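What follows is calculated from the coordinates using simple rules that are stated; it is not laboratory data. Since this is a predicted model, take the numbers as computed values, not measurements.
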Amino acid sequence: MQQPHGHGHNYAVEVTLGGPVDAGTGMVCDLGELDAFAQTNFLERFDGMNLNTLVVFRDKVSTTENFTREVYRIFRGFTGAKVVRVRIEETGNNSFEVGEEFERG
């Protein structure tokens, strides 16, 4: 049966950041800055959206693998810490992950 709004998922996205721990705060980065970055650069662009309609997937298939790579690229832009890994769970049986090796390849 054809779905009127297409095939969809509610993804679980995990972003792991790393870097030196600040001696004063005991944290790798300011969580307020991270939340603001995630809201503006990730959630506002993707939350509740049909990936197939987005410019970023105009020239590539909107697989979870490609979505994971795009989220990694986005969080590389966060200057408060270094993105180490992005993992996206599509379903309880399917998840995809990219890490620092993505930078090299």
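Hey, of (1) 7.1; (2) 6.6; (3) 8.2, which did the structure itself give for mean projected area of the Cα convex hull in nm² when calculated? Of the labelled values, this structure produces (3).
Helical runs assigned H by DSSP (4 residues or longer) give the chain a calculated mean residue ellipticity at 222 nm of -6500 deg cm²/dmol, each run adding -39500 (n - 2.57) before division by the residue total. Extension gain, Met27 to Leu54: 0.36 nm times the residue separation minus the Cα-Cα distance gives 6.3 nm. Taking amide H as placed 1.01 Å from N in the peptide plane, Arg85 has its amide H under 5 Å from the amide H of Thr16, each at least 5 places away in sequence or on another chain.
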